[in-house]
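Down below is the structure, laid out as structure tokens.
The values are calculated or read from the model by the stated rules, or taken from the named source; none is laboratory data. Quick caveat, the model's predicted, so the values are computed rather than measured. Please note: Cβ atoms are built from the backbone with ideal geometry, for glycine as well, and neighbour counts cover all protein chains shown.
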Amino acid sequence: MTRLVLVALALSASALAATGARAVEYGQALSDKSRVTFTSRQMGVPVDGRFRKFVATLAFDPAKPAAASAKLELDPASIDAGSGEANDEVAGKPWFNLKVFPTATFVSSSVKPLGGDRYELAGKLTIKGKTQDIVAPFTFRQEGGSGGNGVFDGGFTLKRLDFAVGEGVWSDVGTVANEVQIKFHVVVAPRK
Amino acid sequence: MIANRYTRTAIALHWLIALLLVGLFAVGLAMHDLPLSPQKLKIYAWHKWAGVGVFLLVLVRLAWRAGHRPPALPAAMPGWQKTAAHGLHFALYLLMLAIPLSGWLMSSAKGFQTVWFGVLPLPDLLDKNKALGDALQVAHMSLNFGLAALVVAHAGAAIKHHLIEKDDVLTRMLPRMRPSPGMPASPDKNR
């Protein structure tokens, strides 16, 4: 009897310890280690680009993923669309129209655990004043075990015309495909 | 006389490649200064696809040439002219291969893969590197001006042979417009 109680106690203690080790909250994204990249397709050719500047703020506790939230503010002016010529072009009215819409944002609405280190992020993405619901699967891992930086890797595909990105002559998806793959690699420090 | 002609295949390849080269050269000169537009992306893509096509056609032509020796130059030609003609032909072949290669490498270095007709991706032999891309652009352009100069010399020599020496150097590379009297339409199909 005593023995049984002891085993039960030991079990619950280790369970507690396990939860305790994982219950680290992650906050500020490290901008020098995080990346938001995208791949567009021009005449059948994948062309990589990225946003050099963005601010990601998130609250994530691996023990309570449902309570997680994320906010991302992208600076479309910091875009690297693959060439100097393209960078000049995308600032203009048919593309991001930066004068009127200087930022693009993502605000999460839910995070669902998918099992293991996989999760699913849902939220609203606003580009050029147009808001769409998006769903993005991602993985979470800790660098160097518990207490280390949290690393979020994920991505999704959006249709640029849903956001009126590339209007007028550029709306021809035979030249620049409608689908754009977005990938994010966000590294965050544990919240102290 | 009949034996001193290029084969139909060699003639067809010569003129097809010549047409493509003239077109590619003109388009290549013009497209660089176009403002960015879907049209420009299409023109660049087609320029690259046609360039890959020329490269392959030149390989086919070299393979054909290996099995079908070109007719000998006129016996009356001075030795130095024969040497010059062979040297010029060699340089033309070399440039016809080097130019598409330089274009392909330039494209890779500039971060734009070549996907033939939007379907067949060619490997990127170089990583994206702006300085290297710009250097290869200069190389691609210089090789093209070199080729243009050689083509002018090549065509000029052929015309000189036709008008001054009055030999068959030009006509043996011309497609036969109509069969000679009393001859069937294609007596030398296989040559």
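A compact table of results
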item: Qualifying residue in the stretch A:81-91 (condition: in contact with a helix residue (DSSP H, G or I) (Cβ under 6 Å, 6 or more places away or on another chain), within 14 Å of chain B (Cβ to nearest Cβ) and under 25 Å from B:LYS128 (Cα atoms)); result: yes
item: Inter-residue pairs, beta-carbon under 7 Å, first more than 10 Å from every other protein chain (Cβ to nearest Cβ) and touching a residue at least 40 places away in the same chain (Cβ under 8 Å) and in the stretch B:105-122, second among the β-branched types (Val, Ile, Thr) and buried (at least 20 other Cβ atoms within 10 Å of the Cβ), 6+ apart; result: B:LEU122/B:THR114
item: Verdict on B:LYS48 being touching a residue at least 12 places away in the same chain (Cβ under 8 Å), of a type in the set (Lys, Arg), assigned to a helix (DSSP H, G or I) and surrounded by 14 or more Cβ atoms within 10 Å (Cβ to Cβ); result: yes
item: The stretch B:53-71 residues that are in contact (Cβ under 8 Å) with a residue 24 or more places away in the chain, paired with ones that are among the aromatic types (Phe, Trp, Tyr) (beta carbon under 7 Å, 6 or more apart); result: B:VAL58/B:TYR93; B:LEU62/B:TYR93; B:PRO70/B:TYR6; B:PRO71/B:TYR6
item: Subset of the stretch B:113-172 that is among the β-branched types (Val, Ile, Thr) and in a loop (DSSP other than H, G, I, E, B) - its residue that is nearest to B:PHE55 (Cα to Cα); result: B:THR114
item: Top-ranked residue of the stretch A:113-150 - restricted to ones that are closer than 16 Å to A:PRO62 by Cα and among the acidic types (Asp, Glu), ranked as surrounded by the fewest Cβ atoms within 10 Å (Cβ to Cβ); result: A:GLU143
item: Residue within the stretch B:72-92 that is of a type outside the set (Gly, Ala, Ser), in contact (Cβ under 8 Å) with a residue 12 or more places away in the chain, within 14 Å of another protein chain (Cβ to nearest Cβ) and surrounded by 14 or more Cβ atoms within 10 Å (Cβ to Cβ) present; result: no
item: Which numbered condition B:ALA3 fails, given (1) surrounded by fewer than 17 Cβ atoms within 10 Å (Cβ to Cβ); (2) at pLDDT 95 or above; (3) more than 14 Å from chain A (Cβ to nearest Cβ); result: (2)
item: Filter result (at pLDDT 95 or above, aliphatic (A, V, I, L, M) and within 15 Å of A:PHE38 (Cβ to Cβ)) within the stretch A:162-192; result: A:VAL165, A:VAL176, A:ALA177, A:VAL180, A:ILE182
item: Unique match (being within 14 Å of chain B (Cβ to nearest Cβ) and not polar (S, T, N, Q)) among A:VAL111, A:VAL135, A:VAL176; result: A:VAL176
item: Filter result for B:VAL52 (within 14 Å of another protein chain (Cβ to nearest Cβ) and at pLDDT below 95); result: no
item: Number of the exception - B:GLY156 against (1) within 14 Å of another protein chain (Cβ to nearest Cβ); (2) out of contact with any Ser or Thr (no Cβ under 9 Å at 6 or more places or on another chain); (3) exposed (fewer than 13 other Cβ atoms within 10 Å of the Cβ); result: (1)
item: Complete set of residues in the stretch A:30-63 that are aliphatic (A, V, I, L, M), within 14 Å of chain B (Cβ to nearest Cβ) and farther than 16 Å from A:LEU158 by Cα; result: A:MET43, A:VAL45
item: Scope the stretch A:142-160; condition part of a strand (DSSP E or B) and charged (D, E, K, R); matching residues; result: A:ASP153, A:LYS159
item: Among (1) farther than 16 Å from A:GLY166 by Cβ; (2) over 19 Å from the mean Cα position of the chain (by Cα); (3) modelled with pLDDT under 90 - the single one A:PRO62 does not satisfy; result: (2)
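Here's the yes/no breakdown for (1) in contact with a His (Cβ under 9 Å, 6 or more places away or on another chain); (2) in contact (Cβ under 8 Å) with a residue 12 or more places away in the chain; (3) more than 28 Å from A:VAL169 (Cβ to Cβ):
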residue	(1), (2), (3)
A:SER83	no, no, no
A:THR103	no, yes, no
A:PHE106	no, yes, yes
A:VAL111	no, yes, yes
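Okay, residues lined up against (1) surrounded by fewer than 19 Cβ atoms within 10 Å (Cβ to Cβ); (2) touching a Pro at 6+ places or on another chain (Cβ under 9 Å):
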residue	(1), (2)
A:PHE152	no, no
A:LEU158	no, no
A:LEU161	yes, no
A:GLU167	yes, yes
A:ASP172	yes, yes
A:PHE184	no, no
A:VAL188	no, no
A:ARG191	yes, no
